[in-house]
Amino acid sequence: MKPWITTVARWRKKERSLVTAEARFPALVVAALVFMAFIFLVAILADVIAPYDYRAQSLRLRLASPVFLEGDLRHILGTDELGRDVFSRLLYATRFSIVIALAGTLMGATLGTLLGFIAAHYRGTVEEGIMMLADVQASLPFMLIALALIAAFGGSVLLFTAIMGIYGWEVFARLTRGVVLSANGQGYATAMTALGAPPRHIYWRHILPNILSVLIVQFTLNFPQVILLETSLSFLGLGIRPPLTSLGQMLGAGRAYITTAWWVAILPGSLIFLTTMSISIIGDWLRDRFDPTLRNQ
Amino acid sequence: MTEQNPILSVEGLCVGFRTAAGFADTVHDVSFSIGHRKTLCIVGESGSGKSVTCQAILGLLAGNGAQTGGRILFEGHDLGAMSETELEAIRGRGIGMVFQDPLGSLNPVHTVGRLLDEALLLHTQLNRSDRHVRSIELLRLVRIPDPEQRLKAYVHQFSGGMAQRVMIAIALACRPQLLIADEPTTALDVTIQAQILELLNHLKSELGMSLLFITHDLGVVAEMADDVVVMRHGRVVEAGPLTQVFNTPASDYTKSLLDAVARLDTPSPAYRWRDVS
Ligand SMILES: Nc1ncnc2c1ncn2[C@@H]1O[C@H](COP(=O)(O)OP(=O)(O)OP(=O)(O)O)[C@@H](O)[C@H]1O
Ligand SMILES: [Mg+2]
């Protein structure tokens, strides 16, 4: 074979593999995945990386500029109104926000999925009751429910996480009920019953694996919303409170200095934006990947 | 038909469904019994209540359906009087079932090996490696080539005929004494159909099972049945041993069914007319 033919063939092949890799992992998705990996790493390693205690104040160095605005190297992202190191605070705030949002979304997903299974299994009044609760929650602005609960029970971190856990359960409950009902009508569920499998076995081992992809996608859609809810409540001073910090709390505290020291508010704000957007991109991508009608295209 | 000790006897079975239009009586007063190591074929047109009868036997009626009368005795025990747990012990071990649509009846997210493993796990005390060995035996029993490799495959990697063999292997995993096969070959082409029928007949005699076989194909009945039940509109219109029903049918409906088959076997009138001219 002539050498140029093999060269071209090899080049074509390489091009093809690049195209399929691009189809499977679009650049935007890769960027989102890398960013989220980075965020989780930061959340885990916050206390290792942070140069300062996030609560340590230094009143003589209030609102010091970050390095890129000709500040000095001691505080690379500057300091806030109490002279606390913004870089260290960002690390810890990320950790708090991610942990609370993750715990909240997990709780909501578990609760909702469980109630969805119960509704689909028992039907009748149980189902009606659960679905009515879901309708009630869906028709009230959740912010209102959260404010009422915080007003009634005070603002402990535990309660706050529980509120995050109540958020979004109704979406999971409706979704699960629907897919379980249709999966119950599938031949394989009947076939397993005919084989002598008890209902819990069928739900756990056969139906759950079949609907897991739908639930995972819903999880990635809910996660950024819970982050936004957490940040909104903390921004209003009703969520995470000083001395603890979260991205929303930093944003809320920094907004008074937006004209004089913008980095105190803009930096946590950008982190919130980039995180929620990355998760949404990953969620959309997962949905496309799991959807059998879109696969192999 | 009236055996001394039938393995299954259905006495005056009635089934109804709640529908948007009201309560629909779907199966009326259906009775039959199956002897040990015998094959009973239920034959009838689409919608005659064959599948509903099978579902009622195993307690698999849809949520809007209920048994409204009659008794179902398996080895003399009334299935209607059993708790759900007792029924679960009968399903799969006492009575196995094979469905019409093999691809839909096998969970697409699990490998065939896992599905067989679960069937064994449900009713036996075998450990993991014994179950693996047994799974390979079962695939060999239903004549699936290269069983070790096939255990790792998913259902969508099988053809319809192969998937139906897998379904049969799963149904036979716990050695049921009675196998219910609801039109197991309707979704398959003719040659594969013949192979599956041959396989079922072979397994029946090898394992000493009884067979309740549902079909709308009288040719299949002739090949499989010891006894025949003809159903129409949810009622039994004729029942008896194969030779009796085929040679001296009592009801007009059975005669018309048999005539329809017979006419296909003789040359068509148009063809004959051309011969004469
Ligand atoms: N869940 C249900 N709700 C209401 N009606 C039902 C239900 N299931 C079955 N039926 C009715 O029961 C009747 C008998 O249906 P069945 O499935 O037993 O027929 P079949 O003899 O098995 O027909 P085929 O040969 O097409 O499988 C049909 O008229 C059907 O409409
Ligand atoms: Mg049917």
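Some observations on this one:
- Within the stretch A:240-257: backbone nitrogen closer than 17 Å to the A:A162 label point (7 Å, Cα to C-beta): A:240
- Taking a ≥ b ≥ c as the square roots of the eigenvalues of the Cα gyration tensor, the protein assembly as shown is classed as prolate, since a/c reaches at least 1.5 and a/b is larger than b/c.
- Toward the positive end of the charge dipole of chain A, with +1 on the Cβ of Lys and Arg and -1 on the Cβ of Asp and Glu, the farthest Cα among A:S88, A:G154, A:I240 is that of A:S88.
- Projected label distance in nm at A:S232 and A:R10, using a 7 Å step from Cα toward the beta-carbon: 5.8
- Computed FRET value (nearest 0.05) for B:R140 with A:L181, which takes r as the C-beta separation and R₀ as 30 Å: 0.20
- In plain terms, the chain from A:T260 to A:L212 could stretch by 12.4 nm, reckoned as 0.36 nm per residue minus the Cα-Cα distance.
- With 0.36 nm allotted per residue and the present C-alpha distance subtracted, the B:E45-B:R18 stretch has 7.5 nm of extension available.
- The C-alpha atoms of chain B define a longest principal axis, and helix B:190-207 lies at about 60 degrees to it.
- Its relative contact order, with pairs defined as Cα atoms under 8 Å and 6+ residues apart, puts the stretch A:90-180 at 54 percent.
- Of all DSSP bridge pairs formed entirely within chain B, close to 55 percent run antiparallel.
- Length available on full extension from A:R241 to A:V34: 0.36 nm per residue minus the Cα-Cα distance, which gives 71.5 nm.
- Point-to-point label distance, B:S251-B:H233, nm (Cα→Cβ direction, 7 Å offset): 1.0
- Inter-label distance for A:T110 and B:E206, nm, one decimal - labels placed 7 Å from Cα along Cα-to-Cβ: 4.8
- The stretch B:81-235 - share of DSSP beta bridges that are antiparallel (%, nearest 5): 15
- Separation of alpha-carbon centers, the stretch A:114-145 and the stretch A:203-244, rounded to whole Å: 18
- With the largest listed first and rounded to whole Å, the semi-axes of the equivalent ellipsoid of the stretch A:49-290 from the Cα gyration tensor are 44, 19, 13.
- Per-pair calculated FRET efficiency, R0 = 25 Å: A:S270 and A:I145 via Cβ, rounded to 0.05: 0.30
- Rel. contact order, % - alpha carbon contacts under 8 angstrom, at least six apart, chain A: 20
- Shown for the protein assembly as shown: lysine pairs separated by 8 or more places, or found on different chains, whose C-alpha atoms are under 30 Å apart, numbering 9.
- Normalised radius of gyration (Cα atoms, divided by 2.2 N^0.38 Å) for the stretch A:64-125: 2.09.
- If R0 is 25 Å, the Cβ-Cβ spacing of B:V190 and B:Q157 corresponds to a FRET efficiency of close to 0.60.
- Helix axis angle, B:128-141 relative to chain B longest principal axis, alpha carbon, degrees: 30
- Mean separation of Cα contacts under 8 Å, 6 or more apart, over the residue count of chain B: relative contact order %: 26
- Helix-only [θ]222 nm of the protein assembly as shown, DSSP H runs n ≥ 4, -39500 (n - 2.57) each, per residue, nearest 500: -18000 deg cm²/dmol
- Exercise: per-residue mean of other protein chain Cβ atoms within 10 Å, B:165-171: 1
- Test item: B:118-128 mean partner chain Cβ contacts at 10 Å: 2
We did not get these values from a lab; they are worked out from the coordinates using the rules stated. Since the model is a prediction, treat every value here as computed from it, not as a measurement. Positions of Cβ are generated from backbone atoms using ideal geometry, with glycine treated the same way; all protein chains shown enter the neighbour counts.
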